[in-house]
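Okay, structure first, notes after.
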Amino acid sequence: MLSEFKAFIARGNVLDLAVAVIIGAAFATITTSLTEDIIMPLVGALFGGLDFSSHFIRLGAIPAGYAGSPDNYAQLKEAGVALIGWGQFLTVVLNFLILAFIIFLIVRSANKMIAAKDAEPAPTPEEVVLLREIRDSLKK
């Protein structure tokens, strides 16, 4: 069983998948930062200074010992208050759409490169055509 496991791990596609997962996680971090630190503040500025990540609907009561702001989503969530964080959800959906669009662009570019590579071969140089004609006539 150990030798089968070694053979499984040593296969190229398993290693490729591991590399893809690691790079994907790092790429997701970059995309999250792009969304939270650049795009969402711009969207918020366009809509009058809104910070979507702080929009929520409070479902439960605030605990008696709570000393934070009643308008701070992160503090209320940490305190255990039941919340619907629709602004945070909107941010995550936008993050996903950006990531999906970037992956689409990468796959599209890769497909174009593969299609260009698989396109009809370059025309044969005249010298080669002439040499083939000479060869064929010599065979006759």
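Helices (runs of 4 or more DSSP H) wholly in segment 1-67 with at least 1 residues that are within 27 Å of ALA82 (Cα to Cα) - which ones?
So the answer is 12-33, 40-46.
Here LEU2, LEU17 are screened, and the one residue that is of a type outside the set (Gly, Ala, Ser), under 17 Å from the mean Cα position of the chain (by Cα) and open to solvent by 60 Å² or more (accessible area, probe 1.4 Å) is LEU17. Do we have ALA79 as within 22 Å of GLY60 (Cβ to Cβ) and either surrounded by 11 or more Cβ atoms within 10 Å (Cβ to Cβ) or at pLDDT 80 or above (or both) here? Taking the combined requirement at face value, the residue satisfies it. I'd like to know if segment 36-53 contains one or more residues that are at pLDDT 75 or above, open to solvent by less than 70 Å² (accessible area, probe 1.4 Å) and hydroxyl-bearing (Ser, Thr, Tyr). No, segment 36-53 contains no residue that is at pLDDT 75 or above, open to solvent by less than 70 Å² (accessible area, probe 1.4 Å) and hydroxyl-bearing (Ser, Thr, Tyr).
The values are calculated or read from the model by the stated rules, or taken from the named source; none is laboratory data. Remember, predicted model here, so these are calculated numbers, not experimental data. In this analysis, Cβ positions are derived from the backbone assuming ideal geometry, glycine residues included, and neighbour counts consider all displayed protein chains. The area values use the complete protein model at the heavy-atom level, side chains included, leaving out ligands, DNA and RNA. Shrake-Rupley method; radii C 1.70, N 1.55, O 1.52, S 1.80 Å.
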